[in-house]
Amino acid sequence: GDLVSASAGRWLEENGHRRFFLWAHFFDAHLPYHCLPGVYRELGLEYRYVPKSVATKLLPPKLRQYYRADVYEMDKNAGLLLETLRRLGLLTNTVVAVVADHGEYLKEHGMVGHQLLYDEVLHVPMFIASPGMETAVRRNDVVSTLDLAPTLLGLLGAKPLPGARGRDLLAPGEQNRTVPVFAEWWWHKPFLGKAAVKPSDILLSVQLEADKLIYDRVFPQAGKLFNLEDDPEEKNNLFTSDPDTALRLEKILEERME
């Protein structure tokens, strides 16, 4: 993360005088968990390298400490990049977005890392700060990272992306409109001929308001249905007990796949 921040800072020094788009990819909050020794000392942790083989053996409280250290280190390095923007006088006319591509299991559902489609990996932060946005806007409904590009273009007054599946979240009429949100998971080994396809290897999900369906493309009888308002930890599978909701969400998925 410190290398990413430094490299991006040098790029801004050279290119910040003209219109630019910069994507800085911080990889810190990701297995293997590994921080600089000083970060561990700040958080009162012993220095340790945590690959997945070690993470699976740690108890959840200790595992969360090491993951938190990674997030803490990433936050510090992202802050250095924001400080560079401020020092160069660019922060007042630059749109800044912070978004994650996935979350992380820390022994929820018996897993570590990121796979399948439970909310631990789907529910990620997305923050956007823009010149002229004096009042914070917080949405309580579910949106998609597909919405990021259309929203950024809208803030910049640029033309929409042709064929974009996302939407400008700040456009008139969109701020209170709830739409289905989709995700997918494909386990790579069957496609490489290294394993037979098994349940949960090829998944799609759709969430509409509180209802969420995880649909198995190969084994549809192995689907999962949750009401996230009543069951935010996704422990009570309603797939067989509420077939009407499952069928309604399956039809939404079929329409999207068409």
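The values are calculated or read from the model by the stated rules, or taken from the named source; none is laboratory data. If you're wondering where the values come from, they're calculated on a predicted model, not measured in any experiment. Please note: Cβ atoms are built from the backbone with ideal geometry, for glycine as well, and neighbour counts cover all protein chains shown. Heavy atoms of the whole protein, side chains included, go into the accessibility calculation; ligands, DNA and RNA do not. Shrake-Rupley method; radii C 1.70, N 1.55, O 1.52, S 1.80 Å.
Assorted remarks:
- Among residues of region 19-34 being free of Cβ contacts under 8 Å to residues at least 24 places away in the same chain and more than 19 Å from LEU80 (Cα to Cα), the one that is surrounded by the fewest Cβ atoms within 10 Å (Cβ to Cβ) is ARG19.
- Selection of region 172-205 for residues being assigned to a loop (DSSP other than H, G, I, E, B), of a type outside the set (S, T, N, Q) and at pLDDT 90 or above yields VAL179, PRO180, TRP187, HIS188, GLY193, LYS194, ALA195, ALA196, VAL197, LYS198, PRO199, ASP201.
- Region 131-160, residues that are in a loop (DSSP other than H, G, I, E, B), open to solvent by 90 Å² or more (accessible area, probe 1.4 Å) and either closer than 17 Å to VAL99 by Cβ or not acidic (Asp, Glu) (or both): THR135, ALA136, ARG138, ASN140, LYS159, PRO160
- Tallying residues that are assigned to a helix (DSSP H, G or I) and more than 18 Å from MET74 (Cα to Cα) within region 11-55 yields 9.
- LEU117, sole failed condition from (1) in a loop (DSSP other than H, G, I, E, B); (2) out of contact with any helix residue (DSSP H, G or I) (no Cβ under 7 Å at 6 or more places or on another chain); (3) open to solvent by 40 Å² or more (accessible area, probe 1.4 Å); (4) in contact (Cβ under 8 Å) with a residue 12 or more places away in the chain: (3)
- Criterion (of a type in the set (Val, Ile, Thr) and more than 25 Å from LYS212 (Cβ to Cβ)) met by exactly one of VAL124, VAL96: VAL96
- Answer residue from region 35-76, given it is open to solvent by 50 Å² or more (accessible area, probe 1.4 Å) and of a type in the set (Val, Ile, Thr) and is farthest from GLY1 (Cα to Cα) among those: THR56
- Residue in region 172-186 that is of a type outside the set (Gly, Ala, Ser), free of Cβ contacts under 8 Å to residues at least 40 places away in the same chain and under 30 Å from LEU59 (Cα atoms) present: yes
- Taking every residue in region 57-80 that is under 17 Å from PHE26 (Cβ atoms) and pairing it with any residue that is part of a helix (DSSP H, G or I) and open to solvent by 50 Å² or more (accessible area, probe 1.4 Å), at least 6 positions away or on another chain, the pairs with Cβ-Cβ distances below 7 Å are ASN77/ASP2.
- Residue, farthest from LEU122 (Cα to Cα), within region 206-240, restricted to residues that are in a loop (DSSP other than H, G, I, E, B), in contact with a strand residue (DSSP E or B) (Cβ under 9 Å, 6 or more places away or on another chain) and open to solvent by less than 30 Å² (accessible area, probe 1.4 Å): GLY223
- Against the test of being among the aliphatic types (A, V, I, L, M), surrounded by 14 or more Cβ atoms within 10 Å (Cβ to Cβ) and over 21 Å from the mean Cα position of the chain (by Cα), the options LEU249, LEU203 yield a single qualifying residue, LEU249.
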